[in-house]
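The structure under discussion appears below in the form of structure tokens.
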Amino acid sequence: MDRTADRDLKARALKVIPNGMYGHEAVHALPATFPQFFERAEGAYIWDADGNRYLDFMCAYGPSLLGYRDQRVDAAAAAQAAKGDTMTGPSPVMVDLAEALVSMVTHADWAMFCKNGTDATSMAMVAARAQTGKRIVLLAKGAYHGAAPWCTPNPVGVVAEDRAMLRYYEYNNAESLEAAVRDAGEDLAAIFATPFKHDAFFDQALPDPVYARRARELCDETGAMLVVDDVRAGFRLARDCSWSLVGVQPDLSCWGKAVANGQPLSILLGSDRCRKGAGSIYVTGSYWFAAVPMAASLETLRIIRESDYLEQMIRMGDRLRAGLASAAQRHGFGLRQTGPSQMPIMLFDDDPDLRVGFAWAEEMLQRGVYIHPWHNMFIAACMTEADIDMAVAAADGAFAATRARMAELQPSPVILAMAAAKAAEELQALA
């Protein structure tokens, strides 16, 4: 595949953008052959700057729930754009959207709007502290909650004071959570949890109901707020908050990505238990009340309520998982597919430096399928059996090509550098 335009864009970007924005969506940690720039998208497909087409299992890292350029959502956005978008005050559609969300999400009594997942999680943290008058926030080790100094996985530019009030526990480990709560003492403001364990580079794990229920009990006992960060998984697991599947209702939930099918919008939903705190904080942004994304979200929510989009994603995810398992077995690979089938991650046995995973991802890319070697992926509701069967056929060829290259595979320099940095950080912590 030709990559001339992508290489030229990278070179131009390096001159006018720090590091060329090569860290965007961690493109620097993908195989070198992966494109950074994309020209267009439609349905389940994306086209890079060189015109190469790919079946896209990243869905823009999650926002494409129904498919790119869904005509129903785009028509709602266009109708609102004809009336107004970013104005001196919000459009009435904001109230319509808040009412729709409160009617759909069991724990929600109110909604607040922002732009990015990081906005929503940061707002949840501040609201919880305002409500409780306490400071300490508990996070699961390795969980991702955004890119602000308090939660970014990259420590560059971050000082210890930014994270002084954070404490950590092991996801799905009720005893570890209890210990962290004890350590926080009388100063516990919130417990954060992801809907399921979807950490990069690791097998995913669904929430243990015992752990989830204990998190709820501990918040009830201490007065802390339970926060479910549903930014990545919201409306991909359920038509309610994702932890409704384990029978647990949080006080706050954070939403983004899929809520407006690609339009820039994120949301904080909360119960009356945190209404006073949320109403007392100062949070805003110049574009937070733009009406076009809210109109797009209102239509997306209608489709979520009235269609079988979720069941379709699960069917296609199951079909993909079964096809890949058979193809991997035929070629002698141990392919681990974990997490919900509509949000899969794929890792290889005996591949600690990801050399096999990177090679297979490159081979899939050459066959017109964009997959990710270490991050969870996404099924779009518009994907068809023909799309999935094409991906499985491509995988069969990619497994064969990877098997033929096994003797020459080398670990990714980026992955090795990340491992070395992590080891140095751990040594420093021990010192």
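The values are calculated or read from the model by the stated rules, or taken from the named source; none is laboratory data. It should be emphasised that the depicted structure is a prediction, and the values quoted were computed from it without experimental measurement. Cβ coordinates were reconstructed from backbone atoms using ideal geometry, including for glycine residues, and neighbour counts include every protein chain displayed.
The table for this structure:
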quantity: Leading residue by the ranking (surrounded by the most Cβ atoms within 10 Å (Cβ to Cβ)) among those in segment 143-181 that are closer than 15 Å to Pro207 by Cβ and not acidic (Asp, Glu); calculated: Tyr169
quantity: Residue list for segment 23-59, filter: outside any strand (DSSP E or B), without any contact (Cβ under 8 Å) to a residue 60 or more places away in the chain, of a type outside the set (Gly, Ala, Ser) and closer than 20 Å to Met377 by Cα; calculated: His24, Glu25, Val27, Pro35, Gln36, Phe37
quantity: Exclusive hit being out of contact with any Leu (no Cβ under 8 Å at 6 or more places or on another chain), of a type in the set (Asp, Glu), assigned by TED's automatic domain parsing to the domain that holds Ser271 and over 19 Å from Cys274 (Cβ atoms), set Glu161, Glu178; calculated: Glu161
quantity: Filtered residue count, segment 101-114, keeping only those that are surrounded by fewer than 18 Cβ atoms within 10 Å (Cβ to Cβ) and either polar (S, T, N, Q) or not in a strand (DSSP E or B) (or both); calculated: 5
quantity: Which listed residue is outside the structural domain of Ile388 (by TED's automatic domain parsing) and either among the acidic types (Asp, Glu) or within 23 Å of His375 (Cα to Cα) (or both), from Lys276, Lys257; calculated: Lys257
quantity: Hits in segment 134-161 - residues which are part of a loop (DSSP other than H, G, I, E, B), among the small types (Gly, Ala, Ser) and without any contact (Cβ under 8 Å) to a residue 12 or more places away in the chain; calculated: Gly157
quantity: Yes/no for Ile379 being among the β-branched types (Val, Ile, Thr) and in contact with a Ser or Thr (Cβ under 8 Å, 6 or more places away or on another chain); calculated: yes
quantity: Those residues of segment 164-177 which are under 25 Å from Ile267 (Cβ atoms) and not in a loop (DSSP other than H, G, I, E, B), in sequence order; calculated: Leu166
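One line per residue, one yes/no per condition, for (1) surrounded by 17 or more Cβ atoms within 10 Å (Cβ to Cβ); (2) of a type in the set (D, E, K, R); (3) at positive phi; (4) without any contact (Cβ under 8 Å) to a residue 40 or more places away in the chain:
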position	(1), (2), (3), (4)
Ala278	yes, no, no, no
Ile281	no, no, no, no
Tyr287	no, no, no, no
Ala291	yes, no, no, no
Leu301	yes, no, no, no
Ile304	yes, no, no, no
Asp308	no, yes, no, yes
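So that you can scan it fast, the table gives a plain yes or no per residue for (1) in contact with a Phe, Trp or Tyr (Cβ under 9 Å, 6 or more places away or on another chain); (2) closer than 26 Å to Ala179 by Cα; (3) not assigned by TED's automatic domain parsing to the domain that holds Ala127:
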residue	(1), (2), (3)
Gly223	no, yes, no
Ala233	yes, no, no
Pro250	yes, yes, no
Pro264	yes, no, no
